[in-house]
Each structure stands twice: as structure tokens, then as C-alpha cells.
Amino acid sequence: MSDSNKKKQEFYLPVNEATEKLRALADELEKGVVTINKQKCSMAVDTDVKIGLKAKGDTFSAKLKFKLANALLETEDGEVESTSSTETDGESYMDLKRRMSKDFKAIKKSCIQEQVLPEPDLVERFYLDSKTMCTYPSKGKDFFETYLKQADLFYEAFETSDLKAMGTAVTALGKIRKNCHERHK
């Protein structure tokens, strides 16, 4: 990321709190959505993580770096902002689509088959990935507006725990997806 898009969080904790924070970060990494300063950042499950460890005298430092899956960040008030005006360079389009397909199947199973709300992190990642997908102008641009409106309805239904509306939105997203894939695959 360029410096203008830099999101940084530093904190000092006692060792026992640091271990809890690292465990929570590990859980977020596994789910593919990391929170930095109250902003949710989506990242690919297969992202390479750079870990730097340094010891000098009585000081030990550690640094983690990883590349975001997409250039979208969700702000504290729920607004999604793009950190790039071009296609995403954090992961390939195919990797994004594979993850979205897997997530969509899990969401569909929860909402329609099991009649339960899906996991919040799964919904968050799918919603952010949906917005990222629509930044690829050569990949079905004629469907983006309709898809994004339906994705918004899906997310609003989730926020209000309206399972019936979520099921309707998931079904509609599935139809849009099918029509888009028929035309663009």
C-alpha cells in the first residue's frame, strides 16, 4: 500500500495481554478479515505473512506484514472506501472468485438450508469481496450495479437479523451470478 493508504496500529501491552491480542489476531487472519483501528480489512487466506523478529540488548521487537486481499477498507461507520481506483493488485481475480464462491455456498447453506444466520465474519468478508469484485471493469461490468444493490440488501438484512430477507437476497444474488457467468464465462 502507498503511504497515503497506510493503516497502522501500534500498542504496548503486558505480556499476558499481548498473548491474548496475538491469539485474537490469529483468529482474524484465519477468517480473512483483520481489524486495524476499527477498520475491517479483507485479506486472502493464502496471503504470505512476513514476520520480523529482532533482539538488541534488552529489547525484543516483532513486526508483522501482510498484503491485503483487496483495496477496500470498511470504516468505523460502515462506509466502504477504496484505496485504489484500478483493478486490485493484492490477489488474483480468480483467487477472489474462488473464495467468494466458497463463501457464497456457506452463506446459502446457512440462510436457506439451515435457516440460521451465517457467521458475521463470513458475511463481512463476502460483502467486502463483492465490492472488490465490482472494481474489475472487464469482468461483467454490465451486472455490477444490480449486483451491488442486491449485495447491499443482503448486508442490510444481515445487520437487522432478518433471515427471510437474507434468504431472498441470497437467492437474487445467485440468479445475478448465474446470468453474469453465462454471459461472461
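Overview of values
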read-out: Cut-off under 5 Å, modelled amide H: who pairs with residue 35 long-range; value: 41
read-out: Approximate spin-label separation residue 50-residue 15, in nm, with each point projected 7 Å along Cα-to-Cβ; value: 2.9
read-out: Nitroxide proxy distance, nm - points 7 Å out along Cα→Cβ at residue 149 and residue 29; value: 4.2
read-out: Cross-link pairs 105/131; 21/105; 65/102 - those with Cα-Cα distance over 21 Å; value: 21/105; 65/102
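Where a number appears in this text, it was derived from the coordinates with a stated rule and is not lab data. Quantities reported herein were computed from a predicted structural model and do not represent experimental measurements. FYI the Cβ positions are ideal-geometry reconstructions off the backbone, even for glycines, and counts take in every protein chain you see.
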